[in-house]
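Below is one structure; the comments refer to it alone.
What follows is calculated from the coordinates using simple rules that are stated; it is not laboratory data. All figures in this text were calculated on a predicted structure; none of them were measured in a lab. So basically every Cβ, Gly included, is an ideal-geometry build from the backbone, and we count neighbours across all protein chains shown.
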């Protein structure tokens with residue numbers, strides 16, 4: 001089955017700096033890669049996603065890049081703000097029998113210091 | 001609130017008791033997923049439904065766990081003879097069949113087994 005590895009496990013940045021979180025996946029059939037933000041005690045919130053027919057996607061201060069050959073994808077947050085502090089999870093999903101079944105990474109605790 | 005809802009939000013029970021959780025998906029979504037999340041980890045897939053049909057179950061779902069979605073709307077997850085290792089956050093998510101991997105999560109039910 002699919003295996004997703006996420007790094008780093010913790011990330012501390014100063015307000016205004018950029019933050020980058022990286023994930024690798026094992027199943028070359030995976031074709032959908034969402035990122036979720038989870039604040040303490042709250043639900044995972046879908047913040048951006050990318051499909052395998054696209055190399056990059058941006059939404060305001062956040063962007064996701066995908067390298068299918070290397071089987072890795074990254075989340076980029078620019079001009080970080082204290083409210084970006086949360087746990088971020090990457091995930092992967094494929095077609096066939098695993099369509100719709102998300103496999104998550106272990107999470108990255110992002111702390112943005114004012 | 002038109003998002004995914006779950007009830008109860010918290011459940012404390014004694015080892016050996018049975019518990020049941022409910023999930024109400026976004027009304028037009030025909031896919032419903034259950035995940036389990038332990039502290040410091042990403043959500044792990046348990047099972048999913050398309051309408052009322054349960055299409056896949058994870059090996060994590062022992063025979064003490066059963067899930068239903070009798071009318072293709074809300075779903076229940078029952079754990080029989082709870083064990084301390086069952087303590088976790090149980091998350092529900094829903095999606096359209098056509099975009100099955102784009103999932104929206106509920107707030108979760110936090111189970112504590114004493």
For this session: Using the Kirkwood radius over Cα pairs, work out the Stokes-Einstein diffusion coefficient for segment A:2-69 at 20 °C and 1.002 mPa s, in µm²/s as a whole number.
Result: 157
Problem set entry | Length-normalised contact order for chain A - Cα pairs under 8 Å, 6+ apart - percent | 36
Seminar exercise, completed: The simple spin-label model distance between residue A:56 and residue A:79, using points 7 Å out along Cα→Cβ, in nm, is 1.8
For this session: Per residue of A:100-109, count partner chain C-beta atoms within 10 Å of its C-beta, then hand back the mean as an integer.
Result: 6
For this session: For each of B:21, A:73, A:33, count neighbouring Cβ atoms within 10 Å of the residue's Cβ, then give the residues from fewest to most.
Result: B:21, A:73, A:33
Seminar exercise, completed: Residue span residue A:111 to residue A:5: 0.36 nm per residue of separation minus Cα-Cα distance leaves a gain in nm of 36.2 nm
Exercise. Quick one: in chain A, what % of C-alpha pairs are over 24 Å apart?
Worked result: 20
For this session: Take the Cα radius of gyration of chain B and divide it by 2.2 N^0.38 Å, with N its residue count; two decimals is plenty.
Result: 0.99
Exercise. Under a plain spin-label model, where a point goes 7 Å from the Cα along Cα-to-Cβ, how far apart in nm are residue B:80 and residue A:95?
Worked result: 4.0
Seminar exercise, completed: The residues B:32, B:91, A:40, B:60, sorted from fewest to most surrounding Cβ atoms within 10 Å, come out as A:40, B:60, B:91, B:32
Exercise. Calculated FRET efficiency, residue B:112 and residue A:69, Cβ-Cβ r, R0 41 Å, to nearest 0.05?
Worked result: 0.35
Exercise. When the label point is put 7 Å from the Cα of residue A:17 along its Cα-to-beta-carbon vector, which residues of segment A:85-114 have a backbone N closer than 12 Å?
Worked result: A:111-114
